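To keep things clear, I will list the structure first and then write my remarks on it.
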Amino acid sequence: MADMTTVDRIVCDYGFPIYLYEEDVIARQVSILKEALPGFNIFYSIKTNPNKHICRYMSNQGLGADAASANEVMKAYEAGFDKKDILYSSPGKTAEDIINTLDKAVIIADSYNELAMINDLCAQQGKKAAVGLRINPNFTVTMGSAPEIAEGASSKFGVDEESLLDNKGFIETLQCVEIIGIHVYLRSQILDENVLYAYFKRIFELASTCITQMNWNLSFIDFGGGFGIPYTKGDSAINWQTLQLQMQELVDNQAIVAKDKIRLIIESGRFLVSEAGSFYTKIVDVKESRGQKFAIVHGGLNGFLRPSIMNIFRQISLNEASKPFEPLFSGLNAFEVSIPARQGEPLELVSVAGNLCTSTDLLAKDVYLPKPRIGDILCVNNAGAYSYTLSPYDFASHPRPREIYINDDKYIE
Ligand SMILES: Cc1ncc(COP(=O)(O)O)c(C=O)c1O
């Protein structure tokens, strides 16, 4: 977390609420992934945080871009990523999306209809497109708090693995598209290296099937990822050393990789940027209601939605609350609220609420904080991923939070 002198300087210049993103934390996370997965190309999932400075940093570090919309393709392009390093994957693309991105990204078709649409659009333009296909494999990673590999499930993403052979003939009739890659992504926030290893192993098997049975000349395999971060004290981080050894052995044993020089791609968002972000706001009122103390801040649910979602889940049922519903909900206690300038002072029980006309606007319910005072600066951690980008900041027409990128002692909006 940035030191309070820097935070004070920034909030003095820009006001509240505000997101701060720290480049040195992103740099640390990028090097962890690069070291743990040496044979792999890392693609940054722009949806996690499309901030232009973050995208530019990722491109300067030699990462690729995982874009989830035509607009994200444009953002990636503007941030300096090459066409070959931008994969555009999302369900429900329109003809306009395809036309606008054909020359700027490698499109990952999400269905057979979409493959046909890309083929028709290319035929009209006298082009041939090298595309990927997203596959919903015959296994999944469960959504419980301790994920496991399980049987394939139905999904709105991609095409089912078992439908591939039936559609082989159809795919071969498409003269203007060639499938050069496959893409799989099953879930986020995996912290167990053994599950990650088993997941990667299964995708290598799937890629093998695509090469041998579908006769695809693959030049990339996009494994997705799902690398998690420890949100709460009970979470243990991925053991990167173990994963690195497992992955090295796995890759070394892949005949198809050595033979065909296939690019191995992983996508990551949360792991790269979540811990680099903090959300700061100011306490504007303090009140008590029937024994409960409230600190009122600006930019609660509308500035940073996910902590409030956490409190909504808390009310629904503990059973439900233990499951991550990504990317909206990572589990209980994923975000810590603090008053950094007053660390060490006696604590009292407080709820931190925003200034919206809904009681679900709660950044923190019943947490221990130093006795809150009007004017205190309040900080929420883990605000780099799915935070600014996933918050309904137009609700009640309050001003949007600003976003500031910090590089050493310099900061820019
Ligand atoms: C297709 C795809 N790739 C990558 C990501 C990024 O996942 P994470 O933030 O867990 O790294 C997501 C997240 O939803 C996704 O849907």
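The values are calculated or read from the model by the stated rules, or taken from the named source; none is laboratory data. Predicted model, so just to flag it, every value in this text is computed and none were measured. In this analysis, Cβ positions are derived from the backbone assuming ideal geometry, glycine residues included, and neighbour counts consider all displayed protein chains. Ligands, DNA and RNA are excluded from the accessible area calculation, which covers all protein heavy atoms including side chains. Shrake-Rupley method; radii C 1.70, N 1.55, O 1.52, S 1.80 Å.
With the structure loaded, tell me whether residue 305 is open to solvent by 20 Å² or more (accessible area, probe 1.4 Å), within 16 Å of the ligand (Cβ to nearest atom), under 17 Å from residue 21 (Cα atoms) and of a type in the set (A, V, I, L, M, F, W, C) or whether it fails that test.
Here the answer is no, as residue 305 does not meet what is asked.
Which of the residues that make up the range 183-213 are open to solvent by 10 Å² or more (accessible area, probe 1.4 Å) and in contact with a strand residue (DSSP E or B) (Cβ under 8 Å, 6 or more places away or on another chain)?
185, 186, 195, 198, 202
Taking interchain pairs and intrachain pairs at least six residues apart, which have beta carbon atoms under 9 angstrom, with the first residue in the range 49-70 and not assigned by TED's automatic domain parsing to the domain that holds residue 87 and more than 14 Å from the ligand (Cβ to nearest atom) and the second part of a loop (DSSP other than H, G, I, E, B) and among the basic types (Lys, Arg)?
The qualifying pairs are 70/93; 70/104.
Name the single residue that is farthest from the ligand (Cβ to nearest atom) among those in the range 368-384 being open to solvent by less than 40 Å² (accessible area, probe 1.4 Å) and in a strand (DSSP E or B).
Selected residue: 370.
Taking the residues in the range 386-413 that are assigned to a loop (DSSP other than H, G, I, E, B) and touching a strand residue (DSSP E or B) at 6+ places or on another chain (Cβ under 7 Å) as candidates, determine which candidate is surrounded by the fewest Cβ atoms within 10 Å (Cβ to Cβ).
Among residues in the range 386-413 that are assigned to a loop (DSSP other than H, G, I, E, B) and touching a strand residue (DSSP E or B) at 6+ places or on another chain (Cβ under 7 Å), the one surrounded by the fewest Cβ atoms within 10 Å (Cβ to Cβ) is 413.
Test of understanding: among 148, 161, which residue is at pLDDT 95 or above and more than 16 Å from the ligand (Cβ to nearest atom)?
After applying the criteria, what remains is 161.
Given the criteria within 15 Å of the ligand (Cβ to nearest atom) and either open to solvent by 10 Å² or more (accessible area, probe 1.4 Å) or in a loop (DSSP other than H, G, I, E, B) (or both), does residue 133 qualify?
Here the answer is no, as residue 133 does not meet what is asked.
Name the residue that is farthest from residue 215 (Cα to Cα), counting only residues in the range 136-148 that are among the aliphatic types (A, V, I, L, M) and assigned to a loop (DSSP other than H, G, I, E, B).
The residue in question is 146.
Which of the numbered conditions does residue 387 fail, given that it passes all the others? Conditions: (1) within 20 Å of the chain's Cα centre (by Cα); (2) away from the ligand (no atom under 16 Å from the Cβ); (3) of a type outside the set (Lys, Arg).
Condition (2) is where residue 387 drops out.
Among all residue pairs at least 6 apart or on different chains, which show Cβ distances below 7 Å where the first residue, located in the range 112-127, is basic (Lys, Arg) and the second is open to solvent by less than 30 Å² (accessible area, probe 1.4 Å)?
Taking only residues 6 or more apart or on different chains, the pairs are 127/102; 127/176.
Could you list, in sequence order, the residues of the range 165-192 that are within 13 Å of residue 141 (Cβ to Cβ) and either away from the ligand (no atom under 13 Å from the Cβ) or part of a helix (DSSP H, G or I) (or both)?
Within the range 165-192, just 192 meets the criteria.
Do we have any residue at all in the range 111-130 that's surrounded by 15 or more Cβ atoms within 10 Å (Cβ to Cβ), within 16 Å of the ligand (Cβ to nearest atom) and more than 29 Å from residue 53 (Cα to Cα)?
yes
Output the residues belonging to the range 331-356 that are in contact (Cβ under 8 Å) with a residue 40 or more places away in the chain and within 23 Å of residue 8 (Cβ to Cβ).
If the condition is that a residue be in contact (Cβ under 8 Å) with a residue 40 or more places away in the chain and within 23 Å of residue 8 (Cβ to Cβ), then 335, 336, 337, 338, 339, 340, 341, 350, 352, 354, 355 are the ones that fit.
Which of the numbered conditions does residue 345 fail, given that it passes all the others? Conditions: (1) part of a strand (DSSP E or B); (2) more than 16 Å from the ligand (Cβ to nearest atom).
Going through the list (1) part of a strand (DSSP E or B); (2) more than 16 Å from the ligand (Cβ to nearest atom), residue 345 breaks only (1).
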